[in-house]
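Take a look at the structure below.
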Amino acid sequence: MGPNMLLSKLAFRNLGRNTRRSLVTGTALALSVALCIAYDALADGMNVQLIHSLTRYDLGHLQVHAPGYTERHKLANTILDANRVMKAVRADPEIRAASARVYAAALVGAGSHSTGVELIGIDPRTESRVTELAQRTVLGHFLGPDPTPWPAARPLTAAERAEDARLTNSEARAAEEEIDQLGRLGPGTGEHPPSREEGPVPQPEMREAQRLSKILSPRPTRPPEVALGSSLARVLGVNPGDKLYLSTQAVDGVAEGIEARVVGVYDTGTSTYDRSRIYLHLRDLQRLVHLGARIHEIAAICDSPDAAPAAAGRIAASLLPLKLDVRAWSQLRPDMVRMLDLNRAGGGMLAAIVFFVASLGVVNTMLMAVLERTRELGMLKALGMPATRIFAMVVTETALLALAGAVAGTAMGIGLDLWLVHQGLDLRAITQGVSMNGVGLAPVVHGAITPLGVVLPVVIVTGVCLAAAVYPAWRAARMQPAVGMRET
Amino acid sequence: MTLKIAWRSFVRHRVRSAITSLAVALGLAMMLVFVGFADDTHARMAELGIRMGSGHVLVEGKGYLDNQTLDYLVHDADRIAASAARIAQVKHVAVRLKTSGLLSAGEHSAPVLISGVEPGREVLASDIAGPKMRVAGAYLRSLDQMPYAKTPPDIYLGKGLAEQLAVTLGDRVVLNLSPPGDAEPTAGAFRVRGIFRTGVDDLDGAYAEIPIAAARTLLGLPGAATEVALLSDLAHTEEVAAAMKAELAANPDLVVIPWQVALRGLHEALVLDSAGMYLMMAIVYLVVAIGIFNTVLMSVSERTREFGVLLALGTSSRRLFAQVFAEALVLALISLTAGLIIGLSIHGWIATHGIDLTQWLGDVQFAGVAWSGRVYSHLTPQVVVGWTAVVGAVVLLSSLYPALRVMRLEPVEAMHHV
Amino acid sequence: MIHEFSPCDPESFPRLGRYRVRFSWLRCAASLMAFCAILVSLSPAARADSLQALVQRADRILRGKSSAAVVHMDVKTHGYQRSYKMVIWERDDSTRERTLVKILGPTSWRGYSTLKIGNQLKFYDPKTNHVQAVGNSMLGDSWMGSHFSNDDLVKETRLAVDYTPSLISKRVAKNELGQSATFYRIRLTPKPTAPVVWGRIEFEVWQHDDLVVPVRCDYFTKVGDKNPVRIMRFYGVKEMDGRWVPSEMQITVASKPGEYTRLTYDKLRFDVDIPASKFTEQAMR
């Protein structure tokens, strides 16, 4: 039997000598490991949820814009050659789905309330693969997959333009005549000279004017559908089925207004999304603001949030020389990244403290184990066992203890983790609604098992125990054989 | 006598006792440091949030909290402020009229949340008005403090806003407001008197203050306010709120809300943070408890033979129980003392010097409060005594099982124990 | 300030402590000095008064107690170029100003109207038959895609009321009509409490006989700025409804070179009796 094997056997037997003590110490270690693993799972779970809330309701894992769009949101600043860009995004191996968006600032009015909002045009079919907004509908239903039937605009023909000019001139002449008919303001104009009755505008003229107008700014056949957040719905006092009036400025400066119909109300728990946004179909918004087929943003999701930065780099490179702004969620929201790091740091700190305390218990145990065997150790030394070997023996004992604790702890920890993942921790007992930095968290936090969260505590506990073994092992190794043997 | 023996057995295994005490002491010390740290941080953040244009207790019109429009006002605000000032524990009172508007200068314009304030009171009640957050110029003067008649009133705005409008001190800006009801929009000229920087983007980029008299004139709302804020301290919030509610019992249109409701996001974030910390400490104590259990058990089982002899000699098992318990008591006393010394010294150091977190966190905006990094520690005697008692209880409870076991020893068996 | 005193009546002299000015030559000198002082002190005021009058007349040249006009507006931006035809009704009662602008063409804008009553601005959108009250957040937006903002419409300039004039320079030159006229360049500083966004305006007008016509208006954000952010020029002086007025004005913005908005009056009548019903929401539709 090799010397190492002998050591291990001895170590094992020594541990077994006072099973209860070893067991209790082992339990302490196991519990430390288990609870640290569970805490990590909870913290990671919270992080996962934060990232989820941030990315899966709106942001996506990665976004593409024309340069400068994120700073100033100019309606005209659209992505050049959008089809090619979309193809490039979808072609990336890590990208699972991508969707296009259009944004416009508008005023929404319902009855007497009016407030500023952001209109977001999305394609519900592709969007549902990127965000889960549709699933957060609380009233009614989310947008249907098809845009509102809306005739395409076309420029006027030369004949129509001539007709338009004629109409304008005719109106101008009528206005001039009306002006000519006005009497002078004189003293005592309390009684108005009989003002010329504004004759009805000749019907064919009006119809012609409307016809031409509809060519350039066609109206949809029915009011477009919109979905809005619960807070906004409350402020405006609308429910699914109610009508809203949207007014905005098209990209060519024309004031555009349209009546829309609320089909759904959603609730994400994040105030910015629920209070100031109205979603409608991408094509509807493009028509409304005269953008044709142009888009402002492509949002994409990867298989995991961590893959986003690399994917962003690849996509940007593949689209050169087109200079586009391609950024992952972590680059778009560095403040959230900092918050996530903070959460994780808390778990690390806990592990450090807990394991230090547990290690003190290990020191104590091993010290006792050493001290109660002074006679044996003395004898071993007298028989010629080198001090280093004795040192190694004690360390091995500790290592075995640590291993046993770690294994048990990992098993317990994973068990706790699974419970956390499945059941989750209901935070409603503590707070009503939870949000961090404006991003809403579901009231029930589910755990998330990460390899690091499981392996790290085990590695730390082993390291700490080995460090804890140093003092007792040193005491054992240092012992004088004669003194040792003399002990009772 | 019991204690003497207990002390002796403590000393006999110096290293072991020391290590066990260390574990407990560290547990207590850590708890004190973390609680002090967290309490201080939370109190600071709450105060920061409260003193940034809010109050420990707010009096508002019913419905204002949900709707935030000028249709829900506190009429007769000055009288309410006077009665609020009479409440004990109220340090300052502030009267504010808030609404949203548009600021323009030259060809630039920006939306703004405007707060009409009483400069004399506001400078005491809010840090935004104070020298720390002011980066340029001076604070507002009330209309009757203006040196010359026929000068535009002062406006005090955030750095981000000043940059958007490209204005600096002394420049004129025009504020457009919409009075409630169907009244026409109004506009007034103001001169930039001072610029502040809170670190919170929403405030720096879209918030400004003007004298309340100017706001009331522009909006046609004499004597009105959107809130009357009572500044006190965190500990007295409840009693101040109760006192104010009593004062206003005859006014069903007014509500009294504590800062925890007014600054709900902040409050919830702090509660969550505390919960996380307590969870952590619970885990630590569990491990400490096991360690103590182990040690006491070890020290008992190695003396089984002695105990057997003692029992045979006539010592009552209850005496033995008391003996073991006394040892646990000694352990508790020494380790708690050590823990208090260590914990309170660290606390003292942090309380005086503080720790600068900016190197790790940078400038963080958390729950609408800008975190400028230096944290201190805050402990009250109640907190210290409380946690010491908790740790002591943990020690004693952990020793209970081994002590009880001693009671059940059979003398003969025990004497033969190896 | 002007006391009634006679150089030759010692009793009427203002007292200087216990002493009265006794000697008659001193009295006469004193009274002469006083008279000159009054003259000198009056002149800047007199000049300012006449400057004020100049500014008032030039600023209000296209306005009367009421007016009705047919106008075409050309807008050129980097994104588009178009020409609108509109009819503008204005009535200035003692209580408030009322204006209705109705767009007559081209197609996309025909039927849009803007109604201003005092400080309240409303838009009518014929496509949805909806009247929208203009809120604060919309004040910065451009009006009908031009270089005028909604705020400009709400706060029509009243240069003579909101600003204090001072003379920068004065010269004699030939005006548009070939006549010899005095050109004044006047510096306008906002009165302290006037709700106007410009820190300084430089207004150039010419005067010939009894006619004061604006030439150019430079708008500066801050009092000390060197370059104006906006320039308005007036041209096309001709007779309309018995008055000589600039029939064209053009506005350019410093930050957008090459862009302009030009207004040309095709028809203009002053002081006409416009019925109150013209300034209602119904009239907008």
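Between A:A153 and A:D341, what is the spin-label point distance in nm, taking each point 7 Å from the Cα along the Cα→C-beta axis?
4.7
Counting only other residues whose beta carbon sits under 11 Å from that of C:P192, what net charge do I get with K and R as +1, D and E as -1?
+3
State the antiparallel share, in %, of DSSP beta bridges confined to chain B, rounding to the nearest 5.
That works out to approximately 80 percent antiparallel.
Which order results if A:V85, B:V384 are arranged by neighbouring Cβ count within 10 Å, fewest first?
With the sparsest Cβ surroundings first, the list reads B:V384, A:V85.
Based on the mean of other beta carbon atoms within 10 Å per residue, what is the order of A:28-40, A:462-474, C:221-233, most packed first? Don't skip to the answer; put the middle values down first.
Numbers: A:28-40: 27.2, A:462-474: 20.2, C:221-233: 16.1.
Listed from highest to lowest mean packing, they are A:28-40, A:462-474, C:221-233.
So if I take the centroid of the Cα atoms in the range A:53-113 and the same for the range B:53-98, what is the distance between those two points in Å?
Each part's Cα centre sits 42 Å from the other's.
How large is the charge dipole for chain A, taken about the Cα centre, if only the Cβ atoms of Lys, Arg (+1) and Asp, Glu (-1) carry charge, to the nearest 20 debye?
Using only the charged Cβ atoms, the result is roughly 2900 debye.
Which lysines have a Cα lying under 17 Å from the Cα of B:K150, excluding residues fewer than 8 positions away in the same chain?
Once the sequence-local lysines are set aside, what remains near B:K150 is C:K191.
With a cut-off of 8 Å between alpha carbons and a minimum separation of six or more residues, what is the relative contact order of chain B in percent?
27
Give me the inter-chain shielding for B:181-191: mean count of other chain Cβ atoms within 10 Å, whole number please.
The mean count of partner-chain Cβ atoms within 10 Å per residue comes to 5.
Fewest to most neighbouring Cβ within 10 Å: what's the order for C:I251, A:I122?
Values: C:I251 20, A:I122 26.
By the 10 Å Cβ count, ascending, the order reads C:I251, A:I122.
What pairs in C:K65/C:K116; C:K155/C:K256; C:K102/C:K278 have C-alpha atoms more than 20 Å from each other?
Going by Cα-Cα distance, C:K155/C:K256 fall outside the 20 Å limit.
Please identify the DSSP H helices in chain A that span no less than 27 Å along the helix axis (Cα) and have a mean Kyte-Doolittle hydropathy of 0.0 or more.
Helices meeting the criterion: A:19-54, A:334-371, A:387-422, A:451-478.
Which is farthest toward the positive dipole end of chain A among A:G241, A:M349, A:M336, measuring Cα position about the Cα centre, with Cβ charges +1 (Lys, Arg) and -1 (Asp, Glu)?
With unit charges placed on the Cβ atoms, the residue in question is A:M349.
If neighbour count is taken as other Cβ atoms inside 10 Å, put B:K159, C:K278 in order from fewest to most.
Least to most surrounded, the residues fall as B:K159, C:K278.
Express the relative contact order of the range B:55-261 as a whole percentage, based on alpha carbon pairs under 8 Å and six or more residues apart in sequence.
This gives 36 percent for the range B:55-261.
Check cross-link reach from A:K87 to the lysines: straight Cα distance under 25 Å, and skip same-chain residues fewer than eight apart.
A:K74, A:K323
Across the residues of C:128-134, average count of Cβ atoms on other protein chains within 10 Å?
Mean inter-chain Cβ contacts per residue within 10 Å come to 5.
So how much slack lies between B:L124 and B:T380, counting 0.36 nm per residue of separation and subtracting their Cα-Cα distance, in nm?
Using 0.36 nm per residue and subtracting the Cα-Cα distance, I get 89.6 nm.
Where both partners of a DSSP beta bridge lie in the protein assembly as shown, what percent of those bridges are antiparallel, to the nearest 5?
Expressed as a percentage, antiparallel bridges in the protein assembly as shown total about 90.
If each of B:A242 and A:D81 carries a label point 7 Å out from its Cα toward its Cβ, how far apart are those two points in nm?
Once both label points are built, they end up 7.3 nm from each other.
Report the net charge of residues surrounding A:H73, where surrounding means a beta-carbon distance below 11 angstrom and charges are Lys +1, Arg +1, Asp -1, Glu -1.
Charge balance in the 11 Å sphere: -1.
Tell me the relative contact order for chain A as a rounded percent, counting alpha carbon contacts under 8 Å between residues six or more apart.
29
About the Cα centre of the range B:55-261, what is the dipole size in debye to 20, counting +1 per Lys and Arg Cβ and -1 per Asp and Glu Cβ, all else neutral?
Here the size comes out at about 640 debye.
Among B:G354, B:G220, B:G314, determine the one that fluctuates most according to a GNM of chain B built with springs between C-alpha atoms less than 10 Å apart.
Greatest mean-square fluctuation among the candidates belongs to B:G314.
What longest range of chain A stays clear of loop-exposed trypsin sites (Lys or Arg not before Pro) (DSSP non-H/G/I/E/B, at most 13 other C-beta within 10 angstrom)? Could you put the intermediate results ahead of the total?
Working: sites that count: A:K74, A:R196, A:K323.
It works out to A:324-488.
Sort the range B:184-256 into rounded, prolate or oblate with this rule: let a ≥ b ≥ c be the square roots of the eigenvalues of the Cα gyration tensor; rounded if a/c is under 1.5, and if a/c is not under 1.5, prolate when a/b is larger than b/c, oblate otherwise.
Cα axes put the range B:184-256 in the oblate bin.
Taking beta carbons within 10 Å but only from partner chains, what does the mean come to for residues B:99-107?
The mean count of partner-chain Cβ atoms within 10 Å per residue comes to 6.
With a ≥ b ≥ c the root eigenvalues of the C-alpha gyration tensor of the range A:81-143, is it rounded (a/c under 1.5), prolate (a/b larger than b/c) or oblate?
Oblate, since a/c reaches 1.5 and b/c is not below a/b.
Can you pull the percent of Cα pairs in the protein assembly as shown with separation above 50 Å?
Counting every Cα pair in the protein assembly as shown, those more than 50 Å apart make up 47 percent.
Label A:M5 and A:Q331 with points 7 Å out from Cα along Cα→Cβ: what is the distance between them in nm?
Here the answer is 5.9 nm between the modelled labels.
Answer with one residue from B:S21, B:M52, B:F10: the one whose Cα lies farthest towards the positive end of the charge dipole of the range B:1-67, charges on Cβ with Lys, Arg +1 and Asp, Glu -1.
Sorting the options by dipole projection puts first B:F10.
Given charges of +1 on the Cβ of Lys and Arg and -1 on the Cβ of Asp and Glu, with all other atoms neutral, how large is the dipole of the range C:52-284 about its Cα centre, in debye to the nearest 20?
The dipole of the range C:52-284 has a size of about 300 debye.
Using DSSP, restrict attention to beta bridges with both residues in chain A and report what percent are antiparallel, rounded to the nearest 5.
Antiparallel bridges: around 80 percent, rounded to the nearest 5.
Read-outs throughout are calculated quantities, based only on the coordinates presented, and are distinct from any laboratory measurement. As the structure is a prediction and not an experimental result, all values here were calculated from the model. For neighbour counting, all protein chains shown are included, and Cβ atoms are generated from backbone atoms with ideal geometry for every residue, glycine included.
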